[in-house]
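I have placed the structure first, in the form of structure tokens, so that the comments after it can refer back to it.
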Amino acid sequence: MKAFLFALGAALLWGVAPTLGKMGLAGADPAVALVLRSFAVGGMLAVWAGLSGKLPEVGALLTTKSGALIAAEGVVASLLGHLAYYFALKYGEASRVVPVASSFPLFAFVLAVILLGERPSWDKVLGVALIVGGVLILRR
């Protein structure tokens, strides 16, 4: 139940965020907006890590393979992915951009099968087909 409530909270927050982003992007360049957003998030996380005593753990993680992979994930998702998302949100309708951008499980599924050796199942394939169908409907 705890996982479900956190997931529901994430869905609510992620539902609010595009509206705030779209309104903010009306007067801002997407790249500049992403810099500001990243500073705000980074600053808040740095304060949290400092107050909770987690900064030494962050430093230790930096020198590991796991740290390098997490940093690469951050560049791919938080930098490049969000930059593409901000440009899409600035020039498109939020109600169309968000569902298309949220089709990332399709790509995660394919890469998990190819790179991680995960086994496809009928329910996963059906879920991916529904995602593709939804994106195609919204593309009209």
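The values are calculated or read from the model by the stated rules, or taken from the named source; none is laboratory data. These figures come from a predicted structure and were not determined experimentally. Ideal geometry is used to build each Cβ from the backbone, glycine not excepted, and the neighbour counts take in all protein chains shown.
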Report task. Take region 20-73 and flag every residue that is among the hydroxyl-bearing types (Ser, Thr, Tyr) and in contact (Cβ under 8 Å) with a residue 24 or more places away in the chain. Result -> Ser38
Report task. Could you tell me whether region 14-21 includes any residue that is assigned by TED's automatic domain parsing to the domain that holds Leu83 and of a type in the set (Gly, Ala, Ser)? Result -> no
Report task. Determine which member of the set Val97, Val75 is in contact with a Phe, Trp or Tyr (Cβ under 8 Å, 6 or more places away or on another chain) and within 28 Å of Gly42 (Cβ to Cβ). Result -> Val97
Query raised in the report: In this structure, does Ala49 turn out to be under 29 Å from Ala88 (Cα atoms) and surrounded by 10 or more Cβ atoms within 10 Å (Cβ to Cβ)?
Result: no
Query raised in the report: When you go through Ala11, Ala77 one by one, which is the residue that is surrounded by 11 or more Cβ atoms within 10 Å (Cβ to Cβ), modelled with pLDDT under 95 and not assigned by TED's automatic domain parsing to the domain that holds Phe104?
Result: Ala77
**Report entry** Phe87 modelled with pLDDT of 90 or more, touching a Lys or Arg at 6+ places or on another chain (Cβ under 7 Å) and not basic (Lys, Arg)
**Finding:** no
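For region 17-25, state whether one or more residues are under 22 Å from Ala108 (Cβ atoms), at pLDDT below 95 and not basic (Lys, Arg).
Yes, that holds for at least one residue.
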